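Visitor: One structure coming up, written as structure tokens, with questions to follow.
The values are calculated or read from the model by the stated rules, or taken from the named source; none is laboratory data. Since the model is a prediction, treat every value here as computed from it, not as a measurement. Virtual Cβ from ideal backbone geometry, glycine too; neighbours counted across all protein chains shown.
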Amino acid sequence: MALRLPPGDELAKPISYYLMQMGLGTTSEASTRMTAKKTTADEEDDIDLFGDEDPKAAEEAKKLAEKKKAEAQASKKKKIEKSLLLIDCKPFSTETDLDTLASLVKAIKMDGLEWKEQTKKIPMAFGLHKLQVGCVVQDDLVSTDELCEKIENVGMTEEQMAKRKAIDEGEEEGDEDEELGLVQSCEIVSFNKL
């Protein structure tokens, strides 16, 4: 197929000149070269560079990618939220042995609770000292209210625990001089996320 220009076309001479300068020869030779290039370009377009010719292979590759993604998500560890607590334990009297109290408090076991080794005896007033203990808790497993309640119940009998619960709920009046256990109150002084 020869490249034919319409008769009387004003651009016929400039196009012929351009083709000769580019080394394509005359218009008829240029048209054959252009058609040859066009057929090779069509053949190159038929090549699939990404391998999507086979729909089964594409489906298998998609399933494999989903499987790897699911395995990656399963292998990721869920981040465990932890908090560092400093707890003040105020004893009922000056005669309460704070070393014994510290060992009893650290004897409390809960899932996700880890006691720190160091304890402090902090003076309050009139010779009364309070005990400060530290612990690390997992936020999802340990309730701070439950932990404080267990510390307040240290050294109590079942009868004393029932009496303290009744006093706290307002069902019974408590005697100020009566000691219920070793700990008068428990307070969280510091609560820091790790």
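Visitor: Could you go through the range 59-81 and let me know if any residue there is of a type in the set (A, V, I, L, M, F, W, C), within 23 Å of D168 (Cβ to Cβ) and under 30 Å from the mean Cα position of the chain (by Cα).
Guide: no
Visitor: Next question, about the same structure. Mind checking whether some residue in the range 157-172 is of a type in the set (A, V, I, L, M) and closer than 27 Å to K79 by Cβ? Lay out the reasoning, then the answer.
Guide: Taking the range 157-172 as the starting set, the residues that turn out to be of a type in the set (A, V, I, L, M) are 161-162, 166-167.
Cutting the leftovers down to closer than 27 Å to K79 by Cβ gives us none.
The answer is no, given that none of the residues of the range 157-172 is of a type in the set (A, V, I, L, M) and closer than 27 Å to K79 by Cβ.
Visitor: Can you tell me how many residues in the range 66-102 are assigned to a loop (DSSP other than H, G, I, E, B) and either aromatic (F, W, Y) or within 30 Å of K193 (Cα to Cα) (or both)?
Guide: The number of residues fulfilling the criteria is 7.
Visitor: When the residues of the range 93-103 are narrowed to those that are surrounded by 14 or more Cβ atoms within 10 Å (Cβ to Cβ) and of a type outside the set (S, T, N, Q), which ends up nearest to the chain's Cα centre (by Cα)?
Guide: Looking at residues that are surrounded by 14 or more Cβ atoms within 10 Å (Cβ to Cβ) and of a type outside the set (S, T, N, Q), I get A102.
Visitor: Pull up the range 104-142, narrow it to residues that are free of Cβ contacts under 8 Å to residues at least 12 places away in the same chain and within 17 Å of S185 (Cα to Cα), then point me to the one that is farthest from the chain's Cα centre (by Cα). So that I can check it myself, show each step before the final result.
Guide: So in the range 104-142, the residues free of Cβ contacts under 8 Å to residues at least 12 places away in the same chain come out as 107, 109, 117, 123, 125.
After this cut, where a residue has to be within 17 Å of S185 (Cα to Cα) as well, the list is 123, 125.
Values: P123: 41, A125: 45 Å.
The extreme case among them is A125.
Visitor: Also, I was wondering about something else. What do you reckon, is K68 modelled with pLDDT of 85 or more and either in contact with a Pro (Cβ under 9 Å, 6 or more places away or on another chain) or not assigned by TED's automatic domain parsing to the domain that holds V189 (or both)?
Guide: Judged against the criteria, K68 is a match.
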